[in-house]
Amino acid sequence: AHLFYDGLYINALFGPSFQSFPRPFVDGLYLLGALLTTGWWQLAPAPCIMQYLHLSNGLHKRGRAMTTCESLASSYAFSVLLLTFTAIWAPDMVPTREFEETLVTAVRSAFNLTENDRFLVYGLSLEKDPANNGRTLKNIAFIAFLPTYAAAYSAFFIIIHRYQEL
């Protein structure tokens, strides 16, 4: 569940399966899921670039046809760059042990849960919190989310505009 509560952004994972695995493994799955979720907008330009290359006969490199690998690499390089940029900040969503208690308390309060209810939490505060090493959602939003979103959709719309010129 995604939750904004009392100045916190929280992802709470409910269910017994998460309790069965070691925490580092679950953290890794969460980070992979977060990366793939944000990858939806970052991967949008790649198929458009590929189609544009094919439609515009832009698949030629120095007088020869590009190989399939070169064509794929040129189409997906931009998206991979955006995903790499996102992967840099993704670990910030894993809270420190001290801050995790703050997130757990917020989830229990928001969903009216008891001490017997088990779940895992990930998240950040909107403002700097020393308990979480000063990491904030604002930094991620303005340094990672907004720039990659803007870059991906700018590329998408530029390619659409170029389609119209063909």
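Structure notes:
- Whether segment 88-149 is rounded, prolate or oblate, judged on the alpha carbon gyration tensor where a/c under 1.5 counts as rounded: prolate
- The packing ranking, built from the mean of other Cβ atoms within 10 Å per residue, places the peptides 126-132, 68-74, 40-46, 86-92 in the order 40-46, 86-92, 126-132, 68-74, highest first.
- Using Cβ point charges alone (K and R +1, D and E -1), the dipole size of segment 44-158 about the Cα centre works out to roughly 660 debye.
- Accessible area of segment 1-108 belonging to carbon and sulfur atoms, whole % at 1.4 Å probe: 68 percent
- 0 to 90° range, to nearest 10: angle between helix 146-165 axis and the chain longest Cα axis: 30 degrees
- Spatial extent of segment 20-119: Rg and Dmax, with the Cα atoms as the point set, Å: 21.2, 69
- Full-extension gain in nm, Phe85 to Thr37, via 0.36 nm per residue minus C-alpha separation: 15.9 nm
- Residue-normalised accessible area of the chain, expressed per residue, 1.4 Å probe, Å²: 60 Å²
- Considering only Phe18, Phe99, Phe145, the mean-square fluctuation computed in a Gaussian network model of the chain, springs between alpha carbons under 10 angstrom, is largest for Phe18.
The values are calculated or read from the model by the stated rules, or taken from the named source; none is laboratory data. Owing to the predicted nature of the structure, the values given are computational and were not obtained by experimental measurement. Quick reminder, even Gly has a Cβ in these numbers, built from the backbone with ideal geometry, and neighbours come from all protein chains shown. When the accessible area is computed, the model is the full protein with side chains, heavy atoms only, and any ligands, DNA or RNA have been set aside. Shrake-Rupley method; radii C 1.70, N 1.55, O 1.52, S 1.80 Å.
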